[in-house]
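Have a look at the structure below before the remarks.
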Amino acid sequence: MNNDPGRLIVFEGIDGSGKTTQAKLLYDALKKRGFSVLLSREPTDGKYGRRIKALAKGKRTDISPLEEYELFINDRMEHVREFIKPSLSQGHIVILDRYYFSTIAYQGVNGIDPEKIKIENESFAPVPDLVFIIRIPVSIGILRIKENRNQSLTIFEREDSLIRVADLYDAMNDEYIIHIDGMRDPEDIHKEVMNRVNEIL
């Protein structure tokens, strides 16, 4: 666990996996039980996060993988400094929809060494108490994005890239990481999440 009085819980997975839904379900459940809980996401809505989101909608021809990675680092540094660390030090439960594990997976596929990403991020970003990686077939994730959200695919969501992203997620095996079958009913997934979360609260 991290050394702060608060707890840090992260949801990860490819887009369409249901991680955002599960993050919100956990937030609502803990709030209802009277816990001091905060919900955030990455990329943030800060200046670096907005740039990342704009790049995702384009072709990313005007930026190198390393320059793009630096945007994620800068966005996260700002997030850690201004929100995550202060919230944990004050004893809040912080729930994140994406964190540096997304960077390991997505920028790892982009050519940045995954181990380098992990080491660099953990030099300033608190290691979570729990990380839930929700696993679904890539084809299902793409279908959900196209149909359920009525959204077009971004540059991060090409099938060939997402297959390699999913492989990098599957290889993550730190003791605080829990891989969850995302093809089940959302309430069943939530129950499993709650059982795990109860162990650290």
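No value in this document is a laboratory result; all are computed from the given coordinates. Owing to the predicted nature of the structure, the values given are computational and were not obtained by experimental measurement. Because the Cβ atoms are built from the backbone with ideal geometry, glycine has one as well, and the counts that use them run over all protein chains shown.
Observations on the structure shown:
- Measuring against 32 Å, Cα to Cα, the residue pairs Lys31/Lys116; Lys24/Lys85; Lys85/Lys116; Lys47/Lys191; Lys57/Lys116 contain Lys31/Lys116; Lys47/Lys191 as the ones spanning a longer distance.
- Relative contact order of the chain, pairs being alpha-carbon contacts under 8 Å that are 6 or more residues apart, as %: 34
- Listed by Cβ neighbour count within 10 Å, with the fewest neighbours leading, Asp97, Asp188 appear as Asp188, Asp97.
- Rg in Å to one decimal, and Dmax rounded to a whole Å, for segment 16-93 via C-alpha atoms: 15.4, 48
- The value obtained for segment 7-200, namely the Cα convex hull volume divided by the number of residues, is 115 Å³ per residue.
- Local electrostatic count, Ala29, Cβ distance below 12 Å [Lys/Arg +1, Asp/Glu -1]: +3
- Highest average packing first - 6-15, 65-74, Cβ atoms within 10 Å: 6-15, 65-74
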